[in-house]
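Values in this text are rule-based calculations from the coordinates and carry no lab data. These figures come from a predicted structure and were not determined experimentally. Here the Cβ positions follow ideal geometry from the backbone for every residue, glycine too, while neighbour counts run over all protein chains shown.
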Amino acid sequence: MTVTIWHNPRCSKSRATLEILQERAIEPTIITYLDAAPSTAEIKNALTLLGMDSARELMRKGESEYQENHLDNAALSEEALIQAMNQYPRLIERPIVFSAGQARIGRPPESVLDIIDDNAS
């Protein structure tokens, strides 16, 4: 089973999610997305796999980049929001775990288990 995590090692939820995977003997591919921002195509794919209707659902609205760039403006296109997440990856909700064509946000960390357990069977 191939598992990938968009990980921020400074985030307690991200560390806890990684620990849950490792406790199940899963060594995921770790993408430290703050160092290597996901492309706009990867962000679009994540939105699709997460079943989100709007890019705004994946955004951390409390981040300074959200306020400073006026990303709360309802007139902004989906493309503009996705581009902002590419430019400012701190805006992306974390962590995100990908496995077998599915994805889950690790908030709470245990929420990733449904795609891990489904794919382990």
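Quick notes on this structure:
- A count restricted to the stretch 41-70 and to residues that are exposed (fewer than 15 other Cβ atoms within 10 Å of the Cβ), acidic (D, E) and over 12 Å from the mean Cα position of the chain (by Cα) stands at 2.
- If you check G51, G106, G101, G62 for being of a type in the set (G, A, S) and touching a residue at least 60 places away in the same chain (Cβ under 8 Å), only one passes: G106.
- From the list I31, I5, the one residue that fits, being in contact (Cβ under 8 Å) with a residue 60 or more places away in the chain and either crowded, with 16+ Cβ neighbours inside 10 Å or on the phi > 0 side of the Ramachandran plot (or both), is I5.
- The one condition in (1) over 25 Å from E23 (Cα atoms); (2) hydrophobic (A, V, I, L, M, F, W, C); (3) not in a loop (DSSP other than H, G, I, E, B) that I115 fails to fulfil: (1)
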